[in-house]
Amino acid sequence: MATIIINGTEYTLPEGERLNAIQAAQRFGVEIPYYCWHPALSVVANCRMCEIQVGSKDPKTGEIKMIPKMVPGCQTPAKDGTVIVTDSPEVRSHQAMIMEYLLINHPLDCPVCDQAGQCGLQDYSYRHGQAIHRFVEERTVNPRKDVSDQIQLNMDRCIMCTRCVRFCREITRTNELQVERRGNHAEITIFPDRPLDNPMAGNVVDLCPVGALLDKDFLHKQRYWFNDQHSSVCTRCSTGCNIVAEENRGQIWRLRARYNPKVNDYWICDEGRSSYKSANDANLLPAMYLREGGQPREAPVDRALDTARTRLKEIARQGGTIAAVISPFLTVEEAYLLASYIKGLSGEAVLALGPVPVVGEDQTFAPDQRQGRTGDTSFVVPRPFTIRAEKCPNRNGVERILKHFQGEVIPIDRLRERAASTPFDALYITGGGHEPAYEGQEWTKLRDGAKFLVVQDVWPTDLAGTADVILSSATFAEKAGCYVNATGRLQYASAALPPRDGSLPDLDILAILAERPGGGPISSRDVLSELAGQVPAFAAVRSLDGPFPEFGLPLDGSEEPTPGMFRYVDPWHAPRGRVSLAT
Amino acid sequence: MAAFEPVLTRNFAVENSQSLKVYEGRGGYQAAKKALTTMSPDELVQLVKDSELRGRGGAGFPTGLKWSFLPKDRAETFMCVNGDESEPATFNNRYLLERDPHQMIEGIIISCFATRASTAYLYNRFEYIAATRVMERAIAEARAAGYLGKNIFGSGFDLEIYVHRGAGAYICGEETGLIESLEGKRGWPRIKPPFPAVEGAFRKPTVVNNIETLCCVPHIVERGADWFKSIGTPKSYGPKLYTISGHVNKQVCVELPLGVTTRQLIEEHAGGVWKGRKAKAAVPGGISMGLLSADELDVPLDFEEIRKTGCLGLGTAAVTVIDDQTPIMDVLYNTCRFFAHESCGQCTPCREGTTWFYKTMKRIKAGGGRLEDLDVMEQLAKNLGITPGTTICGLADGAAWPIKNAMTKFRPELEEYIRSHQQADKKPTALQEAIFRGVSPSLFDSSLPEPSEPLPGPTAPGHNPRVSPGT
């Protein structure tokens, strides 16, 4: 247990935590402004914004001795007896001085800057800066350039915090970025013909405290403050990175990383970052369809659902064979509802796991505690980041459900073989995902393997075109629910968009088909507690009480909440209306 | 003064002084032999501590104390010899390297033995091409003679010296900047702690010493700590190389006991101020140390006394004399240009502040100066340099000090310069002035009256009216 004194008040830090002054002060609601420091990167202390007065208290005499100079908070460990002063006139004047310096060459083009609204310079100017400026000389304007096809670097806005440089050195260890030239002309740059194109490059945009590094994909598209921020989970691969989906006017504009030390730390990969585009795709199924006269015809939602429900019920009553394909893009709740619905129709029904897309091999970025870093790195907790080859979010979760309902996981190929030899009376296929899965002849053959075919998907695929009923369902952004990532962690993703016209979220479709009391809409949390009571693989959920855990729930084994694992964002990314992270 | 016998420069005038034969013939490598065969490393450290040898590189940190900061249980130690002598007008290290390389090597051998470093890097300034060649030749000679390599003097001590030439940056003379540069990285100083003694070059304990400091070590071993302390003034012992340049008749490098005065240097060694003029000011030891006015020329140039004049310290003891015909503004202009060019660009205050100085000086020189510019510069200099800890390394202090000194010592002259050098078209534009005065942009260039309550005028950032009203 360590006692630290911040601005004259004593606070107690729990045992076993290594915090610096910024983190310790933030814990107790005192803000120390900073730019260059980031918990995952080496401490370089070059912005000088976090300078504070530091001293130590003698445990025996109680005498407080202050260091005569100011010290950056980022390199000051919060130890027992540390005394921190953050609100003295000296500290404030220093902060005002740094703000004055930083704005000398900064263009103040906030009205056309994408960072505006979540900008460290803006927030701190407001808090610590001043309205007048004494600089009357020509400004130094460093050039604007592209560091890759995707990322633009506005050197004129840069404050040389070098977070991006350290990210490329220490996290991806690809070393694309470096500093070139000296003094006022120093600029961040790439080597000629070596663009910043590593698979995690987009994170430098999130890292940049000002509007220097910008994603061209988002450039001048939306003002940050108009976007609603939705906590979600990336569905691009089975890592299940935590993300924020920014939505405005029924469209997703970008995805940003959300901190989860157990999964993705502070990062997401570029592939995941651009995966939002599938939710805005113009080709998504615009309505539900029924096959009439050999052609799929648009049908009202209720009629499509009614047809599917009555036909499936009829086939089940007649003792027909029924099979369902559960896509690994479905949430745990949807998979559970679908499985229990189909098994409820017929105990003999076959459940298969939908196609699991695998591209390439897993790619892991393993930052080292010391390698490539500078200074005292004992505060840094290096966490590996994996981009998985398995490009679906919930194979693990669906398999758990399948094992519960039929004891084994039947891969889709086995189902196709069986359908080819002895056709099913009814086949229920689910899809979803970022690309159409059921395209091409190999899939349209399934049509012959079923007398009655229902396809529930977001894409108009070749297979869907041959189906008797096409149920238009929800993209990853339009539905809420839980996914189980590759390491067996259950994570909740909220919906970022309302359902498209003519579609229903998968959970509601299934609730209506299964004729649950009350029908839809239905809450994913209700289904989750129901399935937790039934499926032993989800027993861990039973103990869940109150809000869903911030960092997800490990289904196998338990984990103690690690001290100090509170949600981290840079203050300028704090929720709207708050300039500070400190409470 | 007559009793003073030069030791560091004793071989300078000897013909072919760079060769091993001449050096050995004049008693060379005897101190190294004595140290390695009869003394233990700890005894050597104690000896240097007793001699109170202070670092000659600028800060004047006690060398023996620096060596004792090395962790006791270290497995490997590196010695970095700082030959990145880039302070304007300093050239004493160059003399030591070019004229007596074996004295340097002997100093390195003894110091490495004392610190148990078996690898030494001699980091030479980029421009010291000749010195690098001389050193490389001397090292090869010494290695052939068995003074370097394995088992030196049969003591079981191994040592290799590598000469590394920098890439032309002033900042690499800062010890952690030097280490970064040596590692092949950009010469950006590191934050401390960890100090180099604990984690330096290649993450190993490292000692960084100046060339002249190490050159003193053989003589201390040879003649003892008491001899060393018999030279110089209290707290500043030993001989020191002074370089005198600027507006003097003879620009020289002389070895003298610490504590001579600037006037002595000018009159006795440099042949007086040139063209029969008088000295107006002098730089005591490299421009980053500040400025001495004409009536401070009798202050002893040692580690302690010089601080009382408001200068930062002795620095490299490179005295630059400025005659009475030279405007101080010109000196400051050059100074500001130098620091703006050499700031590494890492810390915000230095990166922006040094360039701000330079741009303001440029405008004043061009005739666009305003008297309030001096106030702004003084405040900036205070912000940059008066609170230690503003930046990672001392470059910002060095950049601010000459300005602070000039503002206190030469303010009337600077004001007169601005008044007499006015060019209307070089002044800040009306808009820039308006921003400076805090006029609301919407009122600028309009017929509307100014706000009844004027916005605050130019204040030090430290007195931010928004943060601390009323102060």
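General remarks:
- Extension gain, A:Glu439-A:Asp149: 0.36 nm per intervening residue step, less the Cα-Cα distance, totals 101.3 nm.
- FRET efficiency, A:Lys221 to A:Leu544 (Cβ-Cβ, R0 35 Å, nearest 0.05): 0.40
- Amide H to amide H, with H built 1.01 Å from N, B:Phe157 comes under 5 Å of B:Asn151, B:Ile152, counting only residues 5 or more places away or on other chains.
- Taking every DSSP bridge with both residues inside the protein assembly as shown, close to 65 percent are antiparallel.
- Long-range amide H partners of A:Leu213 with built H, under 5 Å: A:Asn154
- Legend: mean number of C-beta atoms from other chains within 10 angstrom of residue C-beta atoms, peptide A:174-184, equals 5.
- Summing Cβ point charges (Lys, Arg +1; Asp, Glu -1) relative to the Cα centre of chain B gives a dipole of roughly 500 debye.
- Put the Cα centre of the range A:330-352 next to the Cα centre of the range A:243-296 and the gap is 25 Å.
- Residue mean of other protein chain beta carbons inside 10 Å, B:181-194: 3
- Modelled FRET efficiency - R0 41 Å, A:Glu10 with A:Ala116, Cβ distances, 0.05 increments: 0.55
- Protection proxy ranking of B:146-157, A:430-441, A:207-218 - average other beta-carbon atoms within 10 Å, highest first: A:207-218, A:430-441, B:146-157
- Listed pairs A:Lys262/A:Lys479; B:Lys66/B:Lys204; A:Lys69/B:Lys235; B:Lys280/B:Lys404 exceeding 20 Å between Cα atoms: A:Lys262/A:Lys479; A:Lys69/B:Lys235
- Cα gyration tensor shape for the range A:2-99, rounded if a/c is under 1.5, else prolate or oblate: oblate
- Under the convention that each Lys and Arg Cβ holds +1 and each Asp and Glu Cβ holds -1, the size of the dipole of chain A around its Cα centre is about 600 debye.
- For the protein assembly as shown, calculated [θ]222 nm from helices alone, where every DSSP H run of n ≥ 4 adds -39500 (n - 2.57): -8500 deg cm²/dmol
- Relative protection proxy for A:116-129, B:220-233, B:168-181, from highest mean packing down: B:168-181, A:116-129, B:220-233 (other beta-carbon atoms within 10 angstrom).
- When the square roots of the Cα gyration tensor eigenvalues are ordered a ≥ b ≥ c, the ratio a/c for the protein assembly as shown is 1.5 or more and a/b exceeds b/c, which makes its shape prolate.
- The value of relative contact order for the range A:63-207, using C-alpha pairs under 8 Å at least six residues apart, is 17 percent.
- Remark: relative contact order (chain B) = 14 percent; criterion is Cα-Cα distance under 8 angstrom and separation of 6 or more residues.
- Computed from point charges on the beta carbon alone (+1 for Lys and Arg, -1 for Asp and Glu), the dipole magnitude for the range A:111-221 about its Cα centre is near 360 Debye.
- Global form of the range B:20-230, assessed from the alpha-carbon gyration tensor, a/c cut-off 1.5: rounded
- Separation of the alpha carbons by more than 26 angstrom is noted, of B:Lys21/B:Lys49; B:Lys72/B:Lys150; A:Lys60/B:Lys192; A:Lys221/A:Lys391; A:Lys313/A:Lys445; B:Lys49/B:Lys150, for B:Lys21/B:Lys49; A:Lys60/B:Lys192; A:Lys221/A:Lys391; B:Lys49/B:Lys150.
Every read-out reported here was derived from the displayed coordinates using simple, explicitly stated rules and does not represent laboratory data. This is a predicted model, so every value here is computed, not measured. Neighbour counts are summed over all protein chains in view; Cβ atoms, including those assigned to glycine, are modelled from backbone coordinates with ideal geometry.
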